[in-house]
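What follows draws every value from the coordinates through simple rules; no lab data is involved. Note that the coordinates shown come from a computational prediction; the quantities given were computed from them, not determined experimentally. Cβ placement follows ideal geometry from the backbone for every residue including glycine, while neighbour counts extend to all protein chains displayed.
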Amino acid sequence: MAATQSNMMPLGTTAPEFGLPDTMSGQELSLASLQGSEGTLVMFICNHCPYVIHIKEQLIAIARQYAELGINTIAISANDVENYPQDAPDKMQALMAEWGNPFAAYLYDETQAVAKAYQAACTPDIFLFDKDLNCVYRGRLDGSTPKNDVPLTGEDLRCALDALLAGKPAIEPQTPSIGCNIKWKT
């Protein structure tokens, strides 16, 4: 489990548009069709990453809580499924059923073009956009990792979400996420 940090997209960057297949519905969905009325949370995750598995309870709780407040959560997996078959779309669908389908969508980025457009580097890689799709937060969920004893709270992301909903400026400082590298195709 090699730890990789996120690249930290510049604040204010407009979220790149996309159209990707949703592993739950089988339909191609766009950012515009999934955008929340108050904001949009885009997360690059995958099924097998120990960092994602470690924070799954908070990811689920945050997605459900903030969906009620107008912020939709979109999960995207961009891993190379030829070399990592546990991240294939059918396995993504099974995982979301196990997790209770907490996200607006769990999309598969087969070409990895969307991950590259977002400058995603690791799983989880978390991006929060305001209602105009401008980046207001990119970074970690909180300080907890599978290798430390820091309690899992979702504090960093929750503070960013609450600031967005309150109309306050982006929180500072923003700490990069850390996780497994995205499994790029060769």
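Quick one: divide the alpha-carbon radius of gyration of region 122-185 by 2.2 N^0.38 Å and tell me what you get. Before the final figure, lay out each step's value.
On the way: Rg = 12.8 Å, N = 64, 2.2 N^0.38 = 10.7 Å.
Here the Cα radius of gyration is 1.20 times the empirical estimate.
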The answer for Arg138, listing residues at least 5 apart or on another chain whose modeled amide H is closer than 5 Å to its amide H, is Leu128
Taking neighbour counts of Cβ atoms within 10 Å as a proxy for exposure, in what order, fewest first, do Phe18, Phe103 appear? Phe18, Phe103
Using a Gaussian network model of the chain with C-alpha springs under 10 Å, which one of Ala121, Ala166, Ala75 is most mobile by mean-square fluctuation? Ala166
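For the chain, what mean projected area does the convex hull of the alpha carbons give, in nm²? Don't skip to the end; give the middle numbers.
Values: hull surface 37.8 nm².
Dividing the Cα hull surface by four gives the mean projection, 9.5 nm².
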Where both residues lie in region 3-181, what percent of DSSP beta bridges are antiparallel, nearest 5? 65
Nearby lysines by direct alpha-carbon distance to Lys91 (threshold 27 angstrom, same-chain neighbours under 8 apart not counted): Lys56, Lys116, Lys147, Lys183, Lys185
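Output the DSSP H helices from the chain with an along-axis C-alpha extent of no less than 24 Å and a mean Kyte-Doolittle hydropathy no less than 0.0.
Values: long enough: 50-67 (25 Å, 0.28).
Those that pass (Cα extent of 24 Å or more, hydropathy at least 0.0) are 50-67.
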Highest-fluctuation residue, Leu20, Leu11, Leu107 considered, GNM on the chain with Cα pairs under 10 Å: Leu11
Most fluctuating of Asn72, Asn47, Asn83 in the GNM of the chain (C-alpha, under 10 Å) is Asn83
Could you line up Ser177, Ser33 from fewest to most neighbouring Cβ atoms inside 10 Å? Ser33, Ser177
